[in-house]
Amino acid sequence: MKNLKKSALCVALLCFLSIGLLFAQGQKISQDPIKTRTFVDDLGREIEVPEKITKLAPAGNPANVVLLTIRPELMVGLSEKPADTHYFGDKLNGIPEFGAFYGKKANLNKEAVINAAPQIIIDIGEIKGSTSDMSADLNNLQKTLGIPIVFVENYLKNSAQTYRTLGTLLKEEKRGEELALYSEEAIAFANKVRSQIKNPKTYYFSESADGLEGLPKNSFKVEVFELLGANNIVEKSISNGSNQISLEQILLKDPDYVFLSDPQAFKLVTSPNSPWRHLNAVKNKHVYLVPKNLYGWIADPPSINRLLGIYYVAGIMYPEIAKVDIREEAKKYYKLFYNYNLEDSEIKL
């Protein structure tokens, strides 16, 4: 009888040990490190990123804008939530805001980023300062957060390459290529229009509420106009790095077209007794409030939304060359980039 009990005890012990061994092996398997690959970003930094990225975060608003067009469902947070989120259905419900690492309003909430646990942070836009300085900035932030940070360069002209790079990084090559092809078509359209222009038009563009803060030549925010060969009346920053300009200076230059981002400025400029009424642009009804469906079409912010801005500006300044139906182009753009069916009633031209 004792031998029988001893045998039963041995069997039970062996079963317990076997289960324990299997559990330990399971724990070992679950704790194996995530497979990674080396990705070289547009600063030349070699970054170890997950083989398959399923959770990501933007480093700032330009990245925010671009990433919302490629795979919004992968985003665990936003630098800033759009004022109107209905373009994305319920994809952005409850999603946290992190702020931005760069810019005048740099306010990155590092704790919020860490809590959201993205596998990767993506910064998209222009190189800030020198390549070495920006690399050092991102390396320091990456070390602080313990999360890989990849930089993807984006100017209006290279938007197609931006999307192809993101397609490779996120293993979303098909989606990246769809957006890249539209980007190439828009730039090719701009080049074609510019090549046929015999008498370039002049313009004035302001984002301020009083209309007296003109964006100068070579500004990141006037790339649409420069691609189309238009002449900016604001040669450079007026003084102390500011873009403040007087109405007298604008009247002296007398631009063919005036574009404004702020509704208050538009009302001010176009009101019957406005001191702006002496401009030929006002007399000829060539003053435009830039449409803003989710984002402004020219420079609010200066990101891929400007691809649609190319068609918008070309259709206004060079209608005989561009021959564009901006409403149809807008519908095409929003369907492709946001999978959203834009209605005629939503387009305020």
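The values are calculated or read from the model by the stated rules, or taken from the named source; none is laboratory data. Quick caveat: nothing in here was measured; it's all calculated off a predicted structure. Virtual Cβ from ideal backbone geometry, glycine too; neighbours counted across all protein chains shown. Side chains are part of the model used for accessible areas, which takes the heavy atoms of the whole protein and leaves out ligands, DNA and RNA. Shrake-Rupley method; radii C 1.70, N 1.55, O 1.52, S 1.80 Å.
Note on segment 296-323: residues that are open to solvent by 10 Å² or more (accessible area, probe 1.4 Å), in a loop (DSSP other than H, G, I, E, B) and touching a residue at least 40 places away in the same chain (Cβ under 8 Å) total 3.
Which condition from (1) open to solvent by 40 Å² or more (accessible area, probe 1.4 Å); (2) under 24 Å from the mean Cα position of the chain (by Cα); (3) acidic (Asp, Glu) is the one that residue 223 breaks? Here residue 223 clears every test but (1). Note on segment 136-164: residues that are open to solvent by less than 20 Å² (accessible area, probe 1.4 Å) and either of a type outside the set (A, V, I, L, M) or more than 30 Å from residue 188 (Cα to Cα) (or both) amount to 10. Within segment 229-249, does at least one residue satisfy the condition of being of a type in the set (A, V, I, L, M), assigned to a helix (DSSP H, G or I) and under 26 Å from residue 348 (Cα atoms)? No, segment 229-249 contains no residue that is of a type in the set (A, V, I, L, M), assigned to a helix (DSSP H, G or I) and under 26 Å from residue 348 (Cα atoms).
Considering segment 192-220, the residues that are part of a helix (DSSP H, G or I) and open to solvent by 60 Å² or more (accessible area, probe 1.4 Å) include one that is nearest to residue 279 (Cα to Cα), namely 194. Residue pairs whose Cβ atoms lie under 6 Å apart, separated by 6 or more positions or on different chains, with the first residue in segment 213-231 and farther than 20 Å from residue 246 by Cα and of a type in the set (D, E, K, R) and the second at pLDDT below 95 and part of a helix (DSSP H, G or I), are 223/156. Taking the criterion of being open to solvent by less than 20 Å² (accessible area, probe 1.4 Å) and either touching a helix residue (DSSP H, G or I) at 6+ places or on another chain (Cβ under 7 Å) or of a type in the set (Gly, Ala, Ser) (or both), would at least one residue in segment 242-256 satisfy it? Yes, there is a match, as at least one residue in segment 242-256 is open to solvent by less than 20 Å² (accessible area, probe 1.4 Å) and either touching a helix residue (DSSP H, G or I) at 6+ places or on another chain (Cβ under 7 Å) or of a type in the set (Gly, Ala, Ser) (or both).
Within segment 172-191, if we keep just the residues that are closer than 17 Å to residue 335 by Cα and touching a residue at least 60 places away in the same chain (Cβ under 8 Å), the residue that is most open to solvent (accessible area, probe 1.4 Å) turns out to be 178. Considered as a group, the residues in segment 69-120 that are within 20 Å of residue 152 (Cβ to Cβ) and surrounded by fewer than 14 Cβ atoms within 10 Å (Cβ to Cβ) include one that is modelled with the lowest pLDDT, and that residue is 106. Summed over segment 257-287, residues that are under 30 Å from the mean Cα position of the chain (by Cα) and assigned to a loop (DSSP other than H, G, I, E, B) total 3. The residue that is farthest from residue 286 (Cα to Cα), among those in segment 257-270 that are touching a helix residue (DSSP H, G or I) at 6+ places or on another chain (Cβ under 8 Å) and open to solvent by 40 Å² or more (accessible area, probe 1.4 Å), is 268.
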